[in-house]
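This report refers to the structure that appears directly beneath it.
Values quoted throughout were computed directly from the atomic coordinates according to the rules given, and no laboratory measurement underlies them. Owing to the predicted nature of the structure, the values given are computational and were not obtained by experimental measurement. Here the Cβ is made from the backbone with ideal geometry for all residues, glycine too, and neighbour counts use every protein chain on show.
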Amino acid sequence: MKNEIWYIPFHILLCVVLGIYLQETFTIWNLNFTILQVVLAISLTILFFAHRLKKRLLFIFTGSFTYILIGITTYYISNPLNSKNHYTHLNLQNSLIKLEVKEVLKENDYNYRYIARVLQINERSVSGKVILNIAKNKNSTVLKYGSILITKSSFKDISPAKNPYDFDYKRYLKHKGIYHQLHLKEWEFTSTNYETNNPFSFLYNIKTNIQENLKSKFSPDVYSIINSLLLGERKNVSKELLNNYANAGAIHILAISGLHIGILVLLLNYIFSPIILFKHGKTIRLIVMVLILWIFAVFTGLSASVARAVTMFSFMIVGSSIKQKQPVEHSLISSMLILLLIHPQFLFDVGFQLSYLAVFSIVKFQPKLLGIYKPKHYLTKKIWELTTVSFAAQLGVLPLSFYYFHQFPGLFLISNLIIIPFLGIILLSGIIIIILSELFILPQIVIIFYEKIIQFMNISIQWVASKESFIFKNIYISSFEVIFWYLLIISCYQLILHRTTKTIMTVLLVIITFQSFTIFNDWQLNQKREFIVFHNYKNSVIGIRDSDLLDIYSDKDEETMLMENLIRNYSANERLTVKKDTLNNRIMNIDNELILKIDSLGIYPKNFNKNSIIVLKHSPKLNLQRLIQTLNPKIIIADGSNYNSYISRWKETCNELKTPFHSTKQNGAYILNY
């Protein structure tokens with residue numbers, strides 16, 4: 001680890017990452033940007049004089065503070081809401097909105113979906129992005145990149161996670177600079193497809209033409225894989241195929257990432273190797289390779305994953321060409337720093353985290369693993385190299401995989417041994433096929449051969465994915481446990497390199513700290529007593545937690561209910577034993593807190609205790625004003641089984657009578673600690 005510790009950009013990177021995290025989590029700076037610039041200028045001035053006067057401690061402290069401030073500044077600048085021109089700063093009521101389609105997303109059963117840029121609100125030019133949903137019908141127009149829309153509809157908020165530990169789609173889109181969505185029907189907008197002379201539109205038209213040619217020549221599943229591997233669009237891949245690749249531990253190959261760019265770099269390095277024989281050959285090869293990588297990135301849509309991978313390998317190519325002895329880790333750190341300074345939201349992107357961890361792990365661990373066994377035969381040697389690369393990459397991303405995806409594909413080595421040897425052939429052959437297809441000289445035998453290769457890969461992945469006993473699911477760890485796991489991996493790695501008393505003590509200290517935290521965390525979780533009204537569409541789900549036991553009261557049968565994500569996610573993260581309770585009484589008493597459930601019949605006791613909790617489910621037809629005046633409830637809760645119109649009316653009544661109201665559709669699950 002010495003290569004990284006003494007590399008100055010590594011220190012800068014740590015401080016910038018800390019600044020970005022603090023600004024995202026705690027909004028450290030929310031004042032005028034000019035004041036932030038003044039503070040940064042003062043800090044840089046102090047840093048300059050500390051260096052000139054050789055005040056080491058002051059220099060270290062001020063330097064760290066300055067780079068943390070730079071992290072805060074970059075995040076502040078990159079936040080679209082801090083732009084004076086962002087559409088959210090205007091009055092959007094009854095406004096005429098002009099939009100441009102920037103990305104075509106995967107459609108669902110009800111809508112065509114897009115990411116659109118907001119161009120104008122009335123006559124004023126603005127900035128910002130939104131999710132655009134166009135309702136499907138027989139006459140629906142499928143929009144393209146660059147389509148212009150004009151509408152008078154209103155922006156709608158994106159719903160946050162409704163239940164504990166649910167995927168937070170609102171937070172995910174926030175890191176992409178998207179805060180609202182539009183739901184439009186065909187008659188609610190006018191659209192035009194316009195042609196522009198910018199390179200992105202030109203490349204998009206070429207890409208669309210290529211996709212149409214390929215779609216007419218290959219079967220749907222094969223086309224979807226080609227479209228994903230070569231053109232960077234995964235939206236056509238079927239759900240079944242996605243699940244197979246995920247369960248086989250090979251989902252990463254369906255999005256152009258570091259693996260694809262790495263293979264492309266190896267191919268380019270081999271193709272252009274004769275150039276180094278000429279004068280300035282190394283420089284020419286470097287420029288050509290980097291240029292081709294970035295043309296490929298722009299051609300595939302310049303998605304975040306492609307931009308990251310190409311930036312990473314561009315730094316690695318330049319670093320290895322300029323300074324042959326420079327560690328690869330330096331190029332990785334430098335590229336990561338540059339990316340975060342340009343786009344600090346990458347820090348919270350799962351793909352960014354996994355790609356850098358995978359490459360860094362391969363660089364650090366694979367040479368050590370390779371030395372464990374030295375096969376003599378060429379084929380055995382290549383298999384061992386692939387095995388060590390796969391194992392090293394998996395070791396680096398394992399804790400994060402548990403944290404984000406809650407599963408581990410036990411046969412990932414087999415998947416990678418099948419796929420990686422074919423991937424280079426698939427990529428190179430695919431590029432040749434695209435060129436021949438555009439020149440209208442693509443032989444049918446080549447199409448058949450290429451389709452058979454893709455089909456073989458799909459069948460192999462399906463076979464691996466079918467071995468469900470090797471797929472370890474429902475593994476939940478906390479963010480603190482992720483940190484401890486990485487500390488343990490690093491300390492064990494140091495122990496292998498340096499078998500000293502110090503490294504042994506470090507490993508033991510990490511293990512003891514980990515165990516202590518786990519014991520404390522389990523004790524803390526077991527102290528919880530909660531009454532929870534979960535949000536579940538069209539159904540009523542209530543949970544009563546007592547220590548590590550969760551009783552569920554639901555309209556659904558036990559087997560169906562326990563399979564629900566909302567119960568599985570909550571119980572697994574909190575390490576609870578779940579029991580489906582069949583005693584679904586209308587009145588519940590929890591630690592002397594009375595709870596009355598009123599269903600579709602709308603019947604309730606007139607002499608019920610006042611200042612109690614009322615849960616409304618299945619849209620009861622009742623006079624809520626009379627209920628409030630009679631029972632004077634502490635709070636009224638409407639779960640997900642109620643009609644939206646009823647919820648809106650109840651909310652208005654509660655506001656008028658100043659009675660607390662909680663809708664799980666609008667506010668998420670209701671949790672009462674007792």
Length-normalised contact order of the chain in % [C-alpha pairs under 8 Å, at least 6 apart]: 10
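Output the direction-averaged projected area (hull surface divided by four) of the convex hull of the alpha-carbon atoms of the chain, in nm².
Values: hull surface 153.3 nm².
Average projection, Cα convex hull of the chain: 38.3 nm².
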Could you work out how far helix 258-271 tilts from the main Cα principal axis of the chain, as a 0 to 90 degree angle to the nearest 10? 20
Determine the shape class of region 202-470: with a ≥ b ≥ c the square roots of the Cα gyration tensor eigenvalues, call it rounded for a/c under 1.5, and otherwise prolate if a/b is greater than b/c, oblate otherwise. rounded
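Do any of K374/K502; K102/K185; K174/K239 go past 22 Å between their Cα atoms, and which?
On the way: K374/K502 31 Å; K102/K185 19 Å; K174/K239 25 Å.
Result: K374/K502; K174/K239 exceed 22 Å.
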Counting only residues 5 or more apart in sequence or on a different chain, those whose built amide H sits under 5 Å from that of I590 are I595
Quick note, region 541-674: a/c under 1.5 would make it rounded; otherwise a/b > b/c is prolate and the rest oblate (a ≥ b ≥ c, C-alpha gyration tensor); here it is prolate
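Compute the Rg to Rh ratio over region 87-194 from the alpha carbon atoms, using the Kirkwood formula for Rh, and round to two decimal places.
Numbers: Rg = 13.9 Å, Rh = 14.4 Å.
Rg divided by Rh gives 0.96.
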Given a Förster radius of 41 Å and the C-beta distance between W6 and W294 as r, what FRET efficiency does 1/(1 + (r/R0)^6) yield to the nearest 0.05? 0.85
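Does region 2-78 classify as rounded, prolate or oblate by the C-alpha gyration tensor (a ≥ b ≥ c root eigenvalues; a/c under 1.5 gives rounded; else a/b over b/c gives prolate, otherwise oblate)?
Note, shape of region 2-78 comes out oblate.
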Note down the Stokes-Einstein diffusion coefficient of region 356-509 in µm²/s, whole number, using a Kirkwood radius over alpha carbon pairs, 25 °C, and 0.890 mPa s. 132
Among 11-20, 215-224, 35-44, 247-256, how do they line up by average Cβ neighbours within 10 Å per residue, starting with the highest? 247-256, 11-20, 215-224, 35-44
Where the convex hull is taken over the Cα atoms of region 1-146, what is its projected area averaged over directions, in nm²? 14.2
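Starting from the Cα-Cα distance between T500 and I35, subtract it from 0.36 nm times their residue separation and give me the gain in nm to one decimal. Could the numbers behind the result be given before it?
Numbers: separation 465, 0.36 × 465 = 167.40 nm, distance 5.05 nm.
That works out to 162.4 nm of additional length.
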Fewest-first ordering of V310, V118 by Cβ atoms within 10 Å yields V118, V310
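Any idea what the alpha-carbon Rg over 2.2 N^0.38 Å comes to for region 236-380? Intermediate results must be reported in sequence, preceding the final value.
Details: Rg = 17.0 Å, N = 145, 2.2 N^0.38 = 14.6 Å.
Relative to the 2.2 N^0.38 Å estimate, region 236-380 comes out at 1.17.
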Over all distinct Cα pairs, what is the inverse of the mean 1/r for region 229-269, reported as the Kirkwood hydrodynamic radius in Å? 11.1
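Over all pairs of distinct alpha carbons, what does the Kirkwood formula give as the hydrodynamic radius of region 479-526, in Å?
Details: mean 1/r = 0.0884 Å⁻¹.
By the Kirkwood definition, the hydrodynamic radius is 11.3 Å.
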Assuming 0.692 mPa s and 37 °C, estimate D for region 298-347 with Stokes-Einstein, Rh taken as the Kirkwood radius over Cα pairs, in µm²/s. 289
All-pairs alpha carbon distance profile, region 361-432, 10 Å steps from 0, percent: 18, 41, 32, 9
D for region 265-321, whole µm²/s, Stokes-Einstein with Kirkwood Rh over alpha-carbon pairs at 4 °C and 1.567 mPa s: what number? 111
